[in-house]
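Here's the structure, in structure tokens; my notes come after.
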Amino acid sequence: DQKETWCVVKELGETTYKEFDNALRRVFLLLLSLAEEILESLNKGVKKDILKSAHLIDTNIDRFTDYCLRVLNKKGYKDYRKTPTIHSIIFLLEIVGDEFRKIAVHLMEAKTISAQTEELFKIRYNQLRGFYELFYNFSNKKCLEIYEMDNGPHHYTEEVFEGLTNDEKEILHHLKKIRVFLNNITHLRIDLEY
């Protein structure tokens with residue numbers, strides 16, 4: 001764990017289910033932290049100093065996902081039949097972290113960001129937060145909420161799209177990939193129930 005003036009360091013050498021659960025939860029918390037920093041930067045008019053930690057957060061996400069995958073490879077998941085499903089979820093979460101990091105890089109280079117792009121980022125952030133809640137407290141209602149966020153009014157017309165900078169178009173590309181990955185892991189989470 002880490003805050004501005006302190007940190008807690010923990011060795012994760014043991015491959016146990018308890019440490020697996022802690023590491024997986026940490027992946028979620030780091031992803032949310034990364035997305036929140038990007039959102040905070042957007043809310044403040046793209047503050048580049050806020051975005052500098054994105055690479056470090058993504059590196060920590062990679063470490064925790066690697067640990068989780070190592071546990072799965074050595075011991076499998078608690079319900080062994082669901083090992084491939086949880087493996088896929090963790091792999092996709094790591095890729096979502098990479099996409100958020102790429103968005104941060106483009107934001108550092110962008111001169112301006114449109115309100116539509118900021119709104120679309122908020123939708124993806126809320127979708128990620130919804131998936132985190134769904135993962136630890138599954139319900140059909142939460143599944144529907146995630147899909148409704150995905151189908152909300154956030155479409156770009158050709159005129160709006162043509163007026164965007166190249167960096168902003170790249171950001172939209174990464175947001176689209178995050179959308180696909182979050183939908184995939186939502187499907188996988190549903191599979192864990194059966």
Only residues in region 112-132 that are closer than 11 Å to residue 35 by Cβ count as the first member; pair them with residues that are open to solvent by 30 Å² or more (accessible area, probe 1.4 Å) and outside any helix (DSSP H, G or I), Cβ under 9 angstrom, at least 6 apart or cross-chain, and list the lot. 121/113
Would you say residue 88 is surrounded by fewer than 17 Cβ atoms within 10 Å (Cβ to Cβ) and modelled with pLDDT of 95 or more? yes
Which of (1) in a helix (DSSP H, G or I); (2) out of contact with any Cys (no Cβ under 7 Å at 6 or more places or on another chain) does residue 90 not meet, given it meets every other one? (2)
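Look at residue 70 and say whether it is closer than 21 Å to residue 165 by Cα and either in a helix (DSSP H, G or I) or open to solvent by 30 Å² or more (accessible area, probe 1.4 Å) (or both).
Details: closer than 21 Å to residue 165 by Cα: no; either in a helix (DSSP H, G or I) or open to solvent by 30 Å² or more (accessible area, probe 1.4 Å) (or both): yes.
Here the answer is no, as residue 70 does not meet what is asked.
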Search result, residues across region 106-154 that are in a helix (DSSP H, G or I), among the polar types (S, T, N, Q) and closer than 26 Å to residue 22 by Cα: 126, 127, 140
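The values are calculated or read from the model by the stated rules, or taken from the named source; none is laboratory data. Note that this is a predicted model, so its numbers are computed, not measured. No Cβ is skipped: glycine too gets one built from the backbone with ideal geometry, and neighbour counts run over all protein chains shown. Side chains are part of the model used for accessible areas, which takes the heavy atoms of the whole protein and leaves out ligands, DNA and RNA. Shrake-Rupley method; radii C 1.70, N 1.55, O 1.52, S 1.80 Å.
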